[in-house]
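First the structure, in the form of structure tokens, and then the observations on it.
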């Protein structure tokens with residue numbers, strides 16, 4: 001009996017078998033994921049280009065790409081646009097709206113909840129290119145929003161030209177809010193009703209309960225969600241690209257769009273990579289914070 | 001406003017706010033649905049001039065579109081299968097063995113799941129040129145696999161942790177090898193987990209626009225996500241009916257899979273009872 005029991009764990013102790021199990025996935029990640037990250041660092045110090053002289057000969061240019069980045073006014077405006085897009089659509093838009101929906105849905109009519117929940121989820125499940133199309137046509141010159149305005153006797157607005165950043169922010173809110181809604185619904189369900197009831201007994205108003213009891217209780221969830229949503233929004237490309245193409249001018253050019261334009265429209269891969277390194281660094285910092293919040 | 005009125009307002013207000021949010025969210029979606037069955041669709045939401053299935057017939061019978069859908073299925077399906085198989089293999093030692101590097105490895109994996117893929121696309125493009133994988137559908141699958149692998153390993157490892165190891169030890173005593181143990185005992189007990197990972201990987205790449213946009217060049221290699229973009233460039237957004245029909249067709253797999261995944265998630269970890277009694 002004891003010999004059989006001992007034989008089982010022995011199967012596990014066979015040395016190096018674990019290596020064969022891990023090898024295929026680790027190899028594929030090394031080649032197609034980790035190596036490109038290292039290449040990002042390497043290429044950002046070169047003059048790598050698709051056309052012209054530099055295409056034939058790869059040279060180290062030191063910090064030229066970075067010096068260029070600091071002087072390039074479009075970089076500054078792209079960073080600014082990225083911040084506006086991140087804060088507008090992720091930090092404020094999706095988080096606050098998602099929280100508001102989750103909060104208001106609590107203890108409401110089941111059917112009503114189900115309908116609203118499904119509608120919001122639909123925007124999340126829909127692929128980003130379809131979202132871009134739906135919102136493009138909504139904000140278009142002859143789109144739904146203008147049709148509604150006209151029917152009330154207002155004059156139409158060329159939304160995509162007048163306030164392009166607002167339209168892409170709203171599009172991303174439309175596409176992403178459901179995630180935060182789901183996270184906050186789960187978090188709010190976990191708040192023990194006793195502590196809220198205790199606050200009621202102590203004579204707290206609804207607003208006080210929300211800001212002094214409920215929100216502090218789900219603080220960790222808010223932080224983790226904020227990091228995740230910000231990371232997702234940082235890499236958004238298709239939605240903006242398909243709606244406005246980064247324009248008009250550079251008014252909706254965020255870092256991913258700018259990176260794309262430099263690398264694939266102007267064929268300056270080295271410079272494009274320097275920009276993606278900036279994007280990557282922001283991502284790495286946020287990810288480290290995210291992992292820390294997960295570990296706690 | 002007396003107390004009674006105020007109470008009434010506070011009861012109605014949340015419903016009013018939610019209804020307003022709901023309307024804002026539903027309008028853009030309604031447009032794509034209605035336009036897809038309208039014989040004369042416009043940019044704005046309106047009653048269809050005439051209800052028609054013609055847009056769908058046109059989209060579906062076009063061989064280029066069929067090709068794009070098939071390529072999309074091949075890419076996302078291929079990716080999902082490879083991620084699940086390799087992920088299961090990788091999670092086995094991570095879940096069952098005592099490894100010294102396990103903790104840092106899992107943290108690295110978690111770290112990688114949250115990195116924005118967008119940031120590495122320029123060097124990946126360069127890498128694909130070097131490896132002669134540019135404009136190659138299978139190259140795109142490989143990259144999709146690599147980018148979804150961290151998520152796959154993370155999820156599958158956690159699912160595998162919940163399968164009691166006594167069950168496969170019993171199988172070993174009956175003469176099964178480690179591989180047979182995984183295939184016949186562990187994997188079948190992880191079906192909900194495997195489906196969740198497969199579905200999320202599939203929808204992730206099915207909806208991805210940027211990766212194929214960078215890594216593919218010729219239109220005959222385009223999956224559905226790129227075709228749709230090409231569609232609205234080509235016709236200058238003129239043929240809204242067909243564009244909407246194509247969009248709905250393209251969105252259907254994502255929606256169906258999401259609904260399916262909810263089923264699997266709710267079944268979740270229901271296999272702990274396997275060693276009782």
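Assorted remarks:
- Condition check for residue A:286 on (1) crowded, with 21+ Cβ neighbours inside 10 Å; (2) touching a helix residue (DSSP H, G or I) at 6+ places or on another chain (Cβ under 7 Å); (3) facing chain B (nearest Cβ under 10 Å): one failure, at (1).
- Residue match in the stretch B:19-30 (condition: part of a helix (DSSP H, G or I), touching a residue at least 12 places away in the same chain (Cβ under 8 Å) and within 16 Å of residue B:246 (Cα to Cα)): yes
- Single residue of A:245, A:203 found to be within 14 Å of chain B (Cβ to nearest Cβ) and out of contact with any strand residue (DSSP E or B) (no Cβ under 9 Å at 6 or more places or on another chain): A:245
- Residues in the stretch B:88-133 that are within 19 Å of residue A:17 (Cα to Cα), in contact with a helix residue (DSSP H, G or I) (Cβ under 9 Å, 6 or more places away or on another chain) and part of a helix (DSSP H, G or I): B:88, B:89, B:90, B:91, B:92, B:93, B:94, B:95, B:96, B:102, B:105, B:106.
- Condition check for residue A:238: at the interface with another protein chain (Cβ under 7 Å from one of its Cβ atoms) and either under 17 Å from residue A:90 (Cα atoms) or touching a residue at least 60 places away in the same chain (Cβ under 8 Å) (or both): yes
- Whether a residue is touching a residue at least 24 places away in the same chain (Cβ under 8 Å), within 12 Å of chain A (Cβ to nearest Cβ), part of a helix (DSSP H, G or I) and surrounded by 19 or more Cβ atoms within 10 Å (Cβ to Cβ) was assessed, and residue B:41 does not pass this test.
- Check on residue B:170, assigned to a helix (DSSP H, G or I), at pLDDT below 90, surrounded by 24 or more Cβ atoms within 10 Å (Cβ to Cβ) and within 9 Å of another protein chain (Cβ to nearest Cβ): no
- Identification of helices (runs of 4 or more DSSP H) wholly contained in the stretch A:105-170 with 1 or more residues that are surrounded by fewer than 20 Cβ atoms within 10 Å (Cβ to Cβ) and either at the interface with another protein chain (Cβ under 8 Å from one of its Cβ atoms) or more than 18 Å from the chain's Cα centre (by Cα) (or both) yields A:110-125, A:144-151, A:159-162.
- Scanning the stretch A:102-112 for residues that are closer than 16 Å to residue A:180 by Cα and free of Cβ contacts under 8 Å to residues at least 24 places away in the same chain yields one hit, A:104.
- The single residue among A:252, A:221 that is buried (at least 23 other Cβ atoms within 10 Å of the Cβ) and more than 10 Å from every other protein chain (Cβ to nearest Cβ) turns out to be A:252.
- From B:123, B:150, residue being buried (at least 21 other Cβ atoms within 10 Å of the Cβ), closer than 30 Å to residue A:235 by Cα, at pLDDT 90 or above and at the interface with chain A (Cβ under 9 Å from one of its Cβ atoms): B:150
- Residue B:70 fulfils the conditions (1) within 30 Å of residue B:138 (Cβ to Cβ); (2) over 26 Å from the mean Cα position of the chain (by Cα) except for a single criterion, (2).
The values are calculated or read from the model by the stated rules, or taken from the named source; none is laboratory data. None of these values were measured; they are calculated from a predicted model. Don't worry about glycine lacking a Cβ; one is built from the backbone with ideal geometry, like all the others, and counts go over all protein chains shown.
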